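Written below as structure tokens is the structure these notes are about.
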């Protein structure tokens, strides 16, 4: 870690917030519209980091190359937009971390692949927008993660160099984007994590099991 680490940037879904209930709810609403029974939340949770692709994939066992995918995805997103603040909450264990960062003078921000039409109202509804130094959505820049552009834009808006930033996320793309941007990378092991290779193989600089461990990393800087 750089001795000058100042800014902590977070992924949103699975890292700062637990949005799985609303995402799974929208997917099950869509299943119901097609005459299918609801699936348990546990089926959806690991794939939340893959967004609509993951939710539609679990709900209907198909991928983006299926002719039905685009229509199902659009219907899913419409249903999600209608309910996205119903059950979503900041992780209870993350709230003390954000309070501590504010108290210690460590600016923090959000970099997510979630489109701005969802990100902005959701972050505002959770009371995070006024506290974050910057919020970068999936369509803020021409590229989304794992491209480094969103992280570099977040650093630029925050007024710090990428080397002074760390990026905390729960998906391989977060680690890839962070490395490409020249930032310290941290895996939030309480997140959704997908269903691929073990997180130890992602090549992050650090893995933390609980949010308060991040304060230990900052104290080491």
Angle between the chain longest axis and helix 116-125 axis [Cα atoms, degrees, rounded to 10]: 70 degrees
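Could you give the length gained on full extension between residue 71 and residue 90, defined as 0.36 nm per residue of separation minus the Cα-Cα distance, in nm? Write out the running numbers ahead of the final one.
Details: separation 19, 0.36 × 19 = 6.84 nm, distance 3.04 nm.
That pair, residue 71 and residue 90, stretches by 3.8 nm at full extension.
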Approximate shape of the chain as ellipsoid semi-axes (Cα gyration tensor, √5λ), whole Å, largest first: 30, 17, 16
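For the chain, what is the percent of antiparallel DSSP beta bridges, rounded to the nearest 5? Mind showing how you got there, number by number?
On the way: 2 of 19 bridges.
Here the share of antiparallel DSSP bridges comes out near 10 percent.
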P(r) of region 99-221 over all Cα-Cα pairs, binned every 10 Å from zero, in whole percent: 13, 45, 38, 4
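Restricting to Cα pairs below 8 Å that are 6+ residues apart, what does the relative contact order work out to for region 20-83? Please round to a whole percent.
Numbers: 65 pairs, mean separation 24.8, N = 64.
Relative contact order for region 20-83 comes out at 39 percent.
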Whole-angstrom gap from region 190-221 to region 120-145, using each part's C-alpha centre: 22 Å
Per-residue Cβ neighbour rank within 10 angstrom, fewest leading, 23, 9: 23, 9
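What is the Cα convex hull volume of region 1-49 when expressed per residue in Å³?
74 Å³
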Ranked list, fewest to most other Cβ atoms within 10 Å of each Cβ, for 202, 160: 160, 202
Average Cα contact separation per residue, the chain, under 8 Å, 6 or more apart, as relative contact order %: 26 percent
Between 0 and 90°, nearest 10: helix 51-60 axis offset from the chain longest Cα axis: 30 degrees
For region 108-153, convex hull volume per residue from C-alpha positions, Å³: 59 Å³
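For region 20-83, state the average projected area of the convex hull of the C-alpha atoms over all orientations, rounded to one decimal in nm².
On the way: hull surface 14.9 nm².
Here the figure is 3.7 nm², rounded to one decimal.
FYI, it's all coordinate maths here, none of it is from the lab. Because the structure is a prediction, the values reported are computed rather than measured. Cβ atoms come from the backbone with ideal geometry, glycine included; neighbour counts cover every protein chain shown.
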